[in-house]
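The structure appears right after this line, and notes come after that.
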Amino acid sequence: MDERNEADVRAEARAWLAANWDPTLGLYEWRGMLADSGWGAPHFPAAWCGQGLPATMIAPVEAEIAQAGAVGVTRKGASSLAALTILSHGAAHHKQAYLRRLLTGEDTWCQLFSEPGSGSDLAGATTRAEKRDGKWIVNGQKVWTTSAHLADYGILLARTDFDVPKHQGLSYFLLNMRQPGVEVRPLRQMNGHASFNQVFFTDAEIPAEDLLEEEGAGWRIATTTLMYERRNADSSRRSVKPSPRPERIFREEAEEIATALAPYTWYPQRGGRVDLVMARARESGAIDDAVTRDEIARLMILAKSAEWTAGRARAAAEAGQPPGPEGSIGKLCSSLVARAAARVHTRLSGADAMLSGPDGAHEGTIAEILISTPAQSIAGGTDEIQKNIISERVLGLPKEPRTDVDRPFRDVPKNTVIQDR
């Protein structure tokens with residue numbers, strides 16, 4: 001473990017930035033320099049675009065980058081999850097091929113986990129990967145895949161063995177989305193957005209070397225990805241804003257942000273928009289009602305508690321602790337806040353909350369909140385899944401009875417038909 005103290009780390013990062021930061025560079029050129037220097041991801045190993053520093057040094061280094069007015073490495077949704085998963089479970093050739101381009105933003109990734117036939121039961125995935133002629137051939141379907149229409153690669157959970165219990169027959173792959181046999185179809189949501197996609201695989205190919213770890217290790221690796229995702233469940237409430245500066249790098253970053261964040265523009269509404277409650281209460285006059293004030297107070301207490309829970313999870317990450325079940329607590333809190341906020345907004349706006357567009361409350365934002373908040377309880381694992389994780393891993397309660405984990409997956413009743421080849 002690198003034992004440089006914070007003052008030394010800040011001084012080294014500051015000196016490197018002073019010698020190299022140039023806003024006239026292209027975005028990828030600059031991020032490539034940042035990745036090669038190790039300051040873009042200081043907690044990564046020195047061999048893989050990092051400085052080998054503890055995670056506690058991420059915030060100080062990012063503060064120095066911000067102080068210099070420089071652009072940092074990319075932070076694009078599933079791309080960050082892919083980088084962390086490859087760092088944790090990838091072989092040297094995976095890290096060599098993918099990590100640098102993940103940090104520069106040259107490649108965009110999506111997460112190919114959910115399926116229409118298995119709902120919240122991720123281990124029930126039936127998308128099939130078969131080994132043929134030294135390659136993996138993939139057939140099946142994924143759904144609710146955010147930004148699949150923009151992705152160059154995907155992290156894929158697929159079934160490689162139907163004759164073992166379901167958790168043991170899954171494998172984890174890195175898949176090229178820009179190949180024949182991969183079809184992406186957008187899904188139109190009831191709030192008018194189209195962030196999610198269906199993805200169909202018809203004899204799509206994966207090189208043998210793009211299997212992570214060994215065959216059958218998919219469930220364990222997917223758990224790592226999901227724990228990182230749940231730890232960052234509050235990220236939809238944090239905004240990413242482009243700089244107004246005119247230099248080339250800032251123009252290119254603004255274009256990247258606009259493209260990358262387009263599927264997420266409704267995510268603040270998904271979280272309930274607690275920030276709008278007090279202003280709405282005052283402008284509608286509902287603040288004068290004692291019962292409404294009680295409802296608002298309960299919401300604010302819940303929101304602040306969730307904020308502190310998320311803060312603890314971020315502090316754990318910054319301290320270098322691996323993600324654990326605390327992410328499920330934060331994820332469940334975010335769902336509770338969203339539902340409570342939707343109830344309060346309904347009380348404040350009444351029938352006006354049903355109108356979208358400029359005629360609706362807050363120019364239709366309240367209506368969008370009400371039809372977007374159900375997604376908060378589904379994305380990243382349903383509330384029921386989070387409650388199971390918390391009860392078993394935090395409270396130490398016995399697992400619920402299961403009838404599908406000790407017999408071959410082929411014999412487990414399913415919502416889809418498994419076709420034998």
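Which condition breaks for Gly72 when tested against (1) part of a loop (DSSP other than H, G, I, E, B); (2) surrounded by fewer than 15 Cβ atoms within 10 Å (Cβ to Cβ)?
(2)
Do any helices (runs of 4 or more DSSP H) lying entirely in segment 256-318 carry at least 2 residues that are touching a strand residue (DSSP E or B) at 6+ places or on another chain (Cβ under 6 Å), and which ones are they?
none
Confirm whether Ser335 is hydroxyl-bearing (Ser, Thr, Tyr), under 30 Å from Ser88 (Cβ atoms), modelled with pLDDT of 90 or more and part of a helix (DSSP H, G or I).
yes
Only one residue in Met33, Met57 is surrounded by fewer than 18 Cβ atoms within 10 Å (Cβ to Cβ) and either of a type in the set (D, E, K, R) or assigned to a helix (DSSP H, G or I) (or both). Which one?
Met33 is the lone residue from the list that is surrounded by fewer than 18 Cβ atoms within 10 Å (Cβ to Cβ) and either of a type in the set (D, E, K, R) or assigned to a helix (DSSP H, G or I) (or both).
How about segment 38-51: which of its residues are crowded, with 17+ Cβ neighbours inside 10 Å and out of contact with any Cys (no Cβ under 8 Å at 6 or more places or on another chain)?
Trp39, Pro42, His43, Phe44, Trp48, Cys49, Gly50, Gln51 - these are the residues of segment 38-51 that are crowded, with 17+ Cβ neighbours inside 10 Å and out of contact with any Cys (no Cβ under 8 Å at 6 or more places or on another chain).
Tally the residues that are farther than 19 Å from Leu299 by Cβ and out of contact with any Lys or Arg (no Cβ under 7 Å at 6 or more places or on another chain), restricting the search to segment 372-388.
7
Given the residues Ile329, Ile301, which is the only one that is of a type in the set (Val, Ile, Thr), without any contact (Cβ under 8 Å) to a residue 12 or more places away in the chain and not assigned by TED's automatic domain parsing to the domain that holds Asn191?
Of Ile329, Ile301, the one residue that is of a type in the set (Val, Ile, Thr), without any contact (Cβ under 8 Å) to a residue 12 or more places away in the chain and not assigned by TED's automatic domain parsing to the domain that holds Asn191 is Ile301.
Which of the residues spanning segment 269-298 are touching a residue at least 24 places away in the same chain (Cβ under 8 Å) and over 13 Å from Thr346 (Cα atoms)?
Once the filter is applied, which keeps residues that are touching a residue at least 24 places away in the same chain (Cβ under 8 Å) and over 13 Å from Thr346 (Cα atoms), segment 269-298 yields Gln269, Arg270, Gly271, Arg298.
Exactly one of (1) at pLDDT below 90; (2) among the hydroxyl-bearing types (Ser, Thr, Tyr); (3) farther than 29 Å from Ala59 by Cα is unmet by Thr292. Its number?
(1)
Only one residue in Ser118, Ser88 is within 28 Å of Lys387 (Cα to Cα) and either crowded, with 23+ Cβ neighbours inside 10 Å or over 18 Å from the mean Cα position of the chain (by Cα) (or both), so which one is that?
Ser118
Looking only at segment 371-418, how many residues end up being part of a loop (DSSP other than H, G, I, E, B), modelled with pLDDT of 90 or more and surrounded by 11 or more Cβ atoms within 10 Å (Cβ to Cβ)?
Here the count works out to 2.
Can you tell me how many residues within segment 348-363 are part of a helix (DSSP H, G or I) and surrounded by fewer than 18 Cβ atoms within 10 Å (Cβ to Cβ)?
The total comes to 8.
Considering segment 51-67 alone, what residues qualify as being over 15 Å from Glu3 (Cα atoms) and small (Gly, Ala, Ser)?
Across segment 51-67, the qualifying residues are Ala59, Ala63, Ala66.
Determine if segment 217-224 includes at least one residue that is modelled with pLDDT of 95 or more, buried (at least 17 other Cβ atoms within 10 Å of the Cβ) and not aliphatic (A, V, I, L, M).
Yes, some residue in segment 217-224 is modelled with pLDDT of 95 or more, buried (at least 17 other Cβ atoms within 10 Å of the Cβ) and not aliphatic (A, V, I, L, M).
The values are calculated or read from the model by the stated rules, or taken from the named source; none is laboratory data. The model shown is predicted, which means the values in this text are computed figures rather than measured ones. As a convention, Cβ positions derive from the backbone with ideal geometry for all residues, glycine included, and neighbour counts pool all protein chains shown.
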